[in-house]
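The values are calculated or read from the model by the stated rules, or taken from the named source; none is laboratory data. Keep in mind that this is a model prediction, so the values were computed, not measured. Positions of Cβ are backbone-derived with ideal geometry, glycine not excepted, and every protein chain shown enters the neighbour counts.
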Amino acid sequence: MVKFLVLGCLLALALPTLAEVGWWKTAQLYQIYPRSYKDSDGDGVGDLNGITEQLPYLKEIGITATWLSPIFTSPMADFGYDVADLKNIDPIFGTMEDFEKLVARAKELDIKIILDFVPNHTSDECDWFIRSAAGEEEYKDFYVWHTGKVVNGIRQPPTNWISVFRGQMWTWNEQRQAYYLHQFHAKQPDLNYRNPQVVEAMKDVLRFWLRKGAYGFRIDAVPHVFEVSADADGNWPDEPRNEGVDDPEDYSYLQHIYTTNQPETIELVYAFRDVIEEMDRELGGDDRILLTEAYSPLEVLMQYYGNGTHLGSQIPFNFELLANINYYSDAYHYSELIHNWLDNMPEGQTANWVFGNHDQSRIGTRLGADRIDSVNIIKSILPGIDITYQGEELGMTNVFISWEDTVDPQACQSNEEEFERLTRDPVRTPFQWSDEQNAGFSNASSTWLPVSSDYKLVNVKRERGIALSHLNIFKQLRTLRDEPTLKQGDTTVTAIGPNVLVIKRSLAGQKSYIAVININDDVETVDLDSAFTSISTQLQYVVVNDKSVRRKNDLTFANSVLLLPKEAVVLSTV
């Protein structure tokens, strides 16, 4: 056994008083990918009635609010992120009446519904785009159009910009006799937010769904909403090369300095927040919220919170851990990334913690199945908002899907050699409810994506009956998050050597809680007395994972906490 007494930097973060904490500031948010959650009508695709049916499960595991990936009318070129009717429900998911029933049932269970909002683009089958392509006066500038440039008598796109989905960011439209911009799929034309009518139209979409009972929005692909302004002649500059990338069709071939993270994007988020505040006044009740998705530099992300005079997104997604932690990361790396957010977050704002979503490899695959509980402990014990992607509470892992069976358009636009790097299908497979046909997801003969082969071992029904299953540990952690210390307490984060991450939460007059996580495969003995001042001699085990020989309520001495390989525990003062 090796004893580590070397301490990393400590962080003490003072949180607001109890009276200042709103529902979302310590929320347990849960992302549902509707196609894969629960199929109620036997067509192999999840739907709204399936979600409504399973809302009691969300209540069981302590979920405060659930964010639904897009459910709006769509030709499904990008599985709903290509919206054709922004104020209606796609028939594959149900009807507006089904949505209203979902909201009503969620309200009964005190669960708030958050919707995905896709502001960057619509479908090319949206009525707005059809009218814009036809040159109708009201809609002609709703999208980004350009006649291109003629080189040696050949018409070419106006810039060298490359789409996220590979290839040119411009597609020729015969009817309009012009190119339209699409940062993503060619069937996802970009809206023109330099047109005030577009801004107002999208604000009206927000109002519509808030009046329908949504409690906020996750704003998709925020950095892409604006491009740099055109020059006096209506032209844009080319983007520079990334020298390390050789494939000219690949998105990373260029440095996207003119097509992402433009300053107007942040101002637009502030304008959307104004709508949220307006609707709070109109509708009353609990706060509505904005969540913003942006894989951007920290200094940009922090501006989404607001600027002192304008309110912004309450929850700019914190992708520090999701994007940077890997299988080989040590405790110092975890600690550094946690500090990155907490040290840079503006005063009075709320942190959030994300390890997974519908676009990224699952935790158990990316970091190892024996670190699933460790991750859930980390994001539960840290201050603020804990965000979970469906299935991470069970320990679901990626499912291999062959090139022939791949349906993700991001991968389908590549090739058999490249698709595995790009595909998101493996993390979007059906939720595993039981050991029955199709994991209890659907009674269809086949499902839109295949069910994981491990569903008989990894499912809700089975894990409910196993004391230290991932699901039951998740539920214990959610109950623990109701403790005043975890809602209000100060936070100290440190690495004790390369293998052990420690997170301490403390609040005057309350028990302190200490998460101690062995990241790797060595046996460790940790001296918490040396790591923290004013800690009690004896500590009590509150949560343990299945790597531990200890059990809940066991006692240990603070100066000699034994950790087996990959063991993760939560201790409390006695």
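Just one of the numbered conditions (1) under 21 Å from H185 (Cα atoms); (2) in a loop (DSSP other than H, G, I, E, B) is not true of I130; which one?
Exception for I130: condition (2).
If only one of L337, L254 is of a type in the set (A, V, I, L, M, F, W, C) and farther than 29 Å from V144 by Cβ, which one is it?
L337
What number of residues within the stretch 84-102 are out of contact with any helix residue (DSSP H, G or I) (no Cβ under 9 Å at 6 or more places or on another chain) and either touching a residue at least 60 places away in the same chain (Cβ under 8 Å) or among the hydrophobic types (A, V, I, L, M, F, W, C) (or both)?
Here the count works out to 2.
Do we find a residue being in contact with a Pro (Cβ under 7 Å, 6 or more places away or on another chain) and buried (at least 22 other Cβ atoms within 10 Å of the Cβ) anywhere in the stretch 141-151?
So far as the stretch 141-151 goes, yes, one or more of its residues are in contact with a Pro (Cβ under 7 Å, 6 or more places away or on another chain) and buried (at least 22 other Cβ atoms within 10 Å of the Cβ).
If you go through the stretch 221-244 one residue at a time, how many are in contact (Cβ under 8 Å) with a residue 60 or more places away in the chain and either crowded, with 20+ Cβ neighbours inside 10 Å or among the small types (G, A, S) (or both)?
Counting residues in the stretch 221-244 that are in contact (Cβ under 8 Å) with a residue 60 or more places away in the chain and either crowded, with 20+ Cβ neighbours inside 10 Å or among the small types (G, A, S) (or both) gives 8.
Only one of K25, K38, K3 is basic (K, R) and at pLDDT below 95; which?
Step by step, each of K25, K38, K3 is checked, and only K3 is basic (K, R) and at pLDDT below 95.
Within 31 Å of the chain's Cα centre (by Cα), at negative phi and of a type in the set (A, V, I, L, M, F, W, C) - does that describe any residue in the stretch 523-539?
No: the stretch 523-539 contains no residue that is within 31 Å of the chain's Cα centre (by Cα), at negative phi and of a type in the set (A, V, I, L, M, F, W, C).
Going by the conditions given, is S453 of a type in the set (G, A, S), without any contact (Cβ under 8 Å) to a residue 60 or more places away in the chain and surrounded by fewer than 20 Cβ atoms within 10 Å (Cβ to Cβ)?
yes
Residues of the stretch 88-105 being assigned to a strand (DSSP E or B) and acidic (D, E), which ones?
Within the stretch 88-105, no residue meets the criteria.
Note down all Cβ pairs under 9 Å where the first residue falls in the stretch 122-139 and is without any contact (Cβ under 8 Å) to a residue 24 or more places away in the chain, the second is of a type in the set (K, R) and part of a helix (DSSP H, G or I), and they're at least six residues apart or on different chains.
Y139/R131
Filter the stretch 389-428 down to residues that are among the acidic types (D, E) and outside any loop (DSSP other than H, G, I, E, B) and give me whichever is surrounded by the most Cβ atoms within 10 Å (Cβ to Cβ).
Applying the filter and picking the extreme gives D425.
Residue pairs, Cβ under 6 Å, 6 or more apart or interchain, first in the stretch 197-215 and outside the structural domain of D98 (by TED's automatic domain parsing), second in a helix (DSSP H, G or I) and surrounded by fewer than 17 Cβ atoms within 10 Å (Cβ to Cβ). List them.
none
For the stretch 150-202, which fully contained strands (runs of 3 or more DSSP E) count at least 2 residues that are of a type in the set (A, V, I, L, M, F, W, C)?
170-173, 178-181
Test G356 against the criterion of being crowded, with 23+ Cβ neighbours inside 10 Å and outside any strand (DSSP E or B), and give yes or no.
yes
Surrounded by fewer than 20 Cβ atoms within 10 Å (Cβ to Cβ), modelled with pLDDT of 95 or more and closer than 24 Å to E53 by Cβ: which single residue out of A444, A467 fits that description?
After ruling out the rest, the residue left standing is A444.
On the given criteria, is D78 modelled with pLDDT under 95, in contact with a Pro (Cβ under 6 Å, 6 or more places away or on another chain) and of a type outside the set (V, I, T)?
So D78 fits the description; yes.
Is it fair to say L322 is outside any loop (DSSP other than H, G, I, E, B), more than 17 Å from the chain's Cα centre (by Cα), surrounded by fewer than 24 Cβ atoms within 10 Å (Cβ to Cβ) and hydrophobic (A, V, I, L, M, F, W, C)?
No; evaluated as a whole, the condition is false for this residue.
Right, L477: among the hydrophobic types (A, V, I, L, M, F, W, C), assigned to a strand (DSSP E or B), at pLDDT 95 or above and under 25 Å from L337 (Cα atoms) or not?
no
Residues are listed down the side, and each one gets a yes or a no for (1) among the charged types (D, E, K, R); (2) at pLDDT 95 or above; (3) farther than 24 Å from Y334 by Cα:
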| position | (1), (2), (3) |
| --- | --- |
| N459 | no, yes, yes |
| I473 | no, yes, no |
| D482 | yes, yes, yes |
| T485 | no, yes, no |
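Residue under question is F431, and the condition is that it be more than 23 Å from Y81 (Cα to Cα), in the same structural domain as Q28 (by TED's automatic domain parsing) and either assigned to a loop (DSSP other than H, G, I, E, B) or among the β-branched types (V, I, T) (or both); does it hold?
The answer is no for F431.
Would a scan of the stretch 223-234 turn up a residue that is under 23 Å from S414 (Cα atoms) and not basic (K, R)?
Yes, the stretch 223-234 contains at least one residue that is under 23 Å from S414 (Cα atoms) and not basic (K, R).
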